[in-house]
Amino acid sequence: MCGAPVAPEHRHLLDLRERRVMCACRACAILFDRRAASDGHYRLIPDRRLRLADLELSDLMWEELRLPVELAFFFRSAADERVLAFYPSPMGPTESLLDLDAWAALEADNPVLAGLEPDVEALLVNRARGARGYWLVPIDECYTLVGLIRTRWRGLTGGREVWDEIGRFFERLDGRSRPASRNDEKETTAWRS
Ligand SMILES: [Zn+2]
């Protein structure tokens, strides 16, 4: 942002207009932590990661969300005033038209989802190859996964290398996440304190 050197462990800002992730030095991260300072253009991406082992999402409900693949992320877009669904593909992040009634039902079953910070936090779903993993993550995690798939995918099914990488991505994410429940409404504001 300001041109100062960025430490290896650093926070990210989201450019809301271009949905681009930018590295931020400590000073910039503190500055942009106050929403007013950002003038609505940049938002500091939070750093809470929750493993939602008890998320209520049946196969039927998953079908109703109408995702064409088994890896996807969902976030509330302030500009669109609704939840958007994306999935990683060899072409980059791809939007899927989301059934909003199905999302509302999912949110009713899982109150923790009401606490998704608009634009900068997402529900990340991994149901690929029999997995059933759900995390509430900073949006930059989703773009890391997107980048991994965009650059490593080979042929129609991706190839072994990309699936090994995807496996390692979720292992790392799991290691950095703390367990939370779908009913944790208190999680809606916990990250601010
Ligand atoms: Zn800076």
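The values are calculated or read from the model by the stated rules, or taken from the named source; none is laboratory data. This structure is a prediction, so every number in the text was calculated from the model and none was measured. A quick note on method: Cβ atoms are made from the backbone with ideal geometry, for glycine too, and the neighbour counts reach across all protein chains shown.
Here's the yes/no breakdown for (1) within 13 Å of Leu50 (Cα to Cα); (2) in contact with a helix residue (DSSP H, G or I) (Cβ under 7 Å, 6 or more places away or on another chain):
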| residue | (1), (2) |
| --- | --- |
| Arg127 | no, yes |
| Val146 | no, no |
| Leu156 | no, no |
| Arg178 | yes, no |
| Asn183 | yes, yes |
Inset, instruction - Go through Leu57, Leu14 for me and flag whichever is surrounded by 14 or more Cβ atoms within 10 Å (Cβ to Cβ), under 20 Å from Phe73 (Cβ atoms), in contact (Cβ under 8 Å) with a residue 12 or more places away in the chain and away from the ligand (no atom under 16 Å from the Cβ). - result: Leu57
Inset, instruction - Filter the stretch 125-153 down to the residues that are in a helix (DSSP H, G or I) and among the charged types (D, E, K, R), then identify the one that is surrounded by the fewest Cβ atoms within 10 Å (Cβ to Cβ). - result: Arg129
Inset, instruction - Report yes if Arg43 is at negative phi, away from the ligand (no atom under 12 Å from the Cβ) and touching a strand residue (DSSP E or B) at 6+ places or on another chain (Cβ under 8 Å), otherwise no. - result: yes
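This table checks each residue for (1) in a helix (DSSP H, G or I); (2) more than 15 Å from the ligand (Cβ to nearest atom); (3) on the phi > 0 side of the Ramachandran plot; (4) exposed (fewer than 12 other Cβ atoms within 10 Å of the Cβ).
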| site | (1), (2), (3), (4) |
| --- | --- |
| Cys2 | no, no, no, yes |
| Glu18 | no, yes, no, yes |
| Cys23 | no, no, no, no |
| Ile30 | yes, no, no, no |
| Asp47 | no, yes, no, no |
| Glu64 | yes, yes, no, no |
| Ala72 | no, yes, no, no |
| Arg76 | no, yes, no, no |
Inset, instruction - Say whether the condition of being in contact with a Phe, Trp or Tyr (Cβ under 9 Å, 6 or more places away or on another chain), of a type in the set (Val, Ile, Thr), touching a residue at least 12 places away in the same chain (Cβ under 8 Å) and closer than 25 Å to Leu60 by Cα is met by at least one residue in the stretch 144-159. - result: no
Legend entry - Filter result (over 14 Å from the mean Cα position of the chain (by Cα) and without any contact (Cβ under 8 Å) to a residue 24 or more places away in the chain) within the stretch 87-100: Leu100
Inset, instruction - Would you check which residues across the stretch 54-69 are modelled with pLDDT of 95 or more and under 16 Å from the mean Cα position of the chain (by Cα) and list them? - result: Leu55
Legend entry - Top-ranked residue of the stretch 32-45 - restricted to ones that are buried (at least 19 other Cβ atoms within 10 Å of the Cβ) and either at pLDDT below 85 or not in a strand (DSSP E or B) (or both), ranked as nearest to the chain's Cα centre (by Cα): Ile45
Inset, instruction - From the list Ala122, Ala108, Ala114, Ala102, pick out the single residue that is in a helix (DSSP H, G or I), closer than 29 Å to His41 by Cβ and either touching a Phe, Trp or Tyr at 6+ places or on another chain (Cβ under 7 Å) or small (Gly, Ala, Ser) (or both). - result: Ala114
